[in-house]
1. Determine, for each peptide in B:290-300, A:251-261, the mean count of other beta carbons within 10 angstrom over its residues, then list the peptides with the highest first.
2. Which residue, B:PRO72, B:PRO288, B:PRO279, has the most motion in a Gaussian network model of chain B that connects Cα atoms within less than 10 Å?
3. As a check on your grasp of the helix formula, calculate [θ] at 222 nm for chain A: sum -39500 (n - 2.57) over DSSP H runs of n ≥ 4, divide by the residue count, round to the nearest 500.
4. Just counting partner chain Cβ atoms within 10 Å, what average do the residues of peptide B:85-91 show around their Cβ?
5. Compute the long axis of helix B:92-102 from its Cα atoms, compare it with the longest principal axis of the Cα atoms of chain B, and write down the angle in degrees, 0 to 90, nearest 10.
6. As a test question: what accessible area, to the nearest 10 Å², does A:TYR133 have when a 1.4 Å probe is rolled over all protein chains in place?
7. Report the dimensions of the protein assembly as shown along its three principal axes from the alpha-carbon atoms, largest first, rounded to Å.
8. Report, by chain and number, residues whose modeled amide H sits under 5 Å from the one on B:ALA2, excluding near sequence neighbours (fewer than 5 apart, same chain).
Amino acid sequence: MIENRPGLTLVTHAVLWGGVAVLAFPVWVTFVASTLTAEQVLAAPMPLLPGGRFFENYVEVLLHGAGNSEAPAWRMMVNSFVTAMVIAIGKIAISLLSAFAIVYFKFPFRMFFFWMIFVTLMLPVEVRILPTYKVVSDLALLDSYTGLTLPLIASATATFLFRQFFLTIPDELAEAARVDGAGPMRFFWDVVVPMSRTSVAALFVIQFIYGWNQYLWPLLVTTQESYYTVAIGIKRMIAGGGDAATEWHLVMATAMLAMVPPALVVILMQKWFVKGLVDTEK
Amino acid sequence: MAKVEFRNVRKSYGALQVIHGVDASVADGEFIVIVGPSGCGKSTLLRMVAGLEAITEGEIAIGDRVVNALEPKDRDIAMVFQNYALYPHMSVYDNMAYGLKIRGMSKTDIDERVKRAAGILELGPLLDRRPRQLSGGQRQRVAMGRAIVREPKVFLFDEPLSNLDAKLRVQMRFEIQKLHRQLGTTALYVTHDQVEAMTLAHRMIVMNAGRAEQVGTPMEVYDDPATRFVAGFIGSPSMNFLSGKGAGTGRVALAHGGIVRHANGQVDTGRDVVVGIRPEHLVECGAPDAMFSAVVELVEQLGADTLVHLRHGEDAAVVRQPHSRQREAGTTMHVTADPARVYLFDAGSGARIR
């Protein structure tokens, strides 16, 4: 659309800036709070310009933790990172394989299994959380990385997306590979996986953030502080005894830290992410 | 190099039989074109040779080996697909080298073969490119390169030119011919285009509805079609068919007026037949000499030739004339033909009457 209407441009930009302000303001407040002393945070109104305690606060929270939570933030960051990576990579690996099986192999009840997977899309984690907890605890997986990640790895969404993508790969490609002498797994590794790499990248971003932001499940399966993820850690830092008992400046610093890795993943993989969502490279 | 043999090959999908017993043998080094309209089973037949479709009944032998139970990779064939089926994420070089790599060939051997094939196909400067950076004709050449490097006993082509534009198709046709002369490998080539079939084939198999209607050299098939289907399918514009009845020795009375003289044997008087005359064999003549007369419906000028479309009662006919004088639609044209160039077919079965 080519238009030359300065008034309209002004209005649209104003709306855009307004939107950005609404989204960015809470983040700014969080950041500012993380650089103040405890007293300054509790002052009303809270200052809106950064204070001088940036390094002190962050070092404090990274190395010693805060509030009820004894675990230092670096430990929780590591836990979150491991959890998110295992979930993202595990989901992608399992979904690639199951979609490959569903699309390229003929076996009894193939469509039945596909629909079984598909139907679980309709069920949020919360619905099956009690039986899942029972299983995990019976397997003695509470307070372990396995327990944190394994139940979240199966993914109907990713399986479905990969299946749809595989269906767009021409049959002749599989046939050409057969004539070339490639067995099914060879075809999978040499052709299917490289062709799916943009989808893999997009899913990685989505699933990493999904894993990083898990709250309810880690809350249930972890009781030792050494297995806390950042999301739980923040909750634990907030004391039950009201505002005065909570070290808000440290909580805010942890919140800032918790935002960094997902943001980095999005920024670094943005090109691939967009490509994976819009591109059909065939 | 090897011969290929089809022995009563049949294919069924469940209760539906799509190939009804094909028998043919392809000599070592021969270029065979399997031609027919879409849905006639020609691609299925080729895919059975490749091992991509199971053979329901009968045998296919490559060399002296019956290959029914062999995997595609063990049949020593290479296939060129209609949509090229190049691996989109691999360079041209890797596309050609992939099959060799899987076979565990050494890097230097692979390199030598790929370079040689690239030389033959003039792909040298393109080896580092990805398929999507290539034009249709170049992709086609890469697909052929992938087949060549394997040095198979048999090449299988599945409508390799149908995705190209007309001009490129003619050029690639020529290149395939050249390539085959150079390599001398047995080739099976599937197409629906009768011009491709005529120009490329040493011999062709004309298929219709799952049957091989005729096997022969292009000129045999053109001059001596075995059935009405073959007669109509080979040749462009296709053969004219006029209904008639036997009317004494060497004569057929057309249903819509006119007597056609023919050089075939006895046709019982009153027997329903179909007269076939190719457009290029119909010539204009004076009214007394005419086999039949018809109204000109449409005139198509092709430059070198002129196609005159005639309406003869319920039948239509086309006359191919050297580009000559202007002719008006609506006028009457008198035509005749050499009796030796008149073919007769049974009206019911379509079988040739000789």
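1. Answer by packing, highest mean first, reads A:251-261, B:290-300.
2. B:PRO288
3. -22000 deg cm²/dmol
4. Details: counts 10, 3, 8, 8, 8, 4, 0.
What the average comes to for B:85-91 is 6.
5. Here the helix axis deviates by roughly 70 degrees.
6. For A:TYR133, solvent-accessible area is about 70 Å².
7. 121, 69, 49
8. B:GLY29, B:THR186
The values are calculated or read from the model by the stated rules, or taken from the named source; none is laboratory data. Source: prediction; values computed, not measured. Positions of Cβ are generated from backbone atoms using ideal geometry, with glycine treated the same way; all protein chains shown enter the neighbour counts. To get the accessible areas, we keep the full protein, side chains included, count just its heavy atoms, and leave off ligands, DNA and RNA. Shrake-Rupley method; radii C 1.70, N 1.55, O 1.52, S 1.80 Å.
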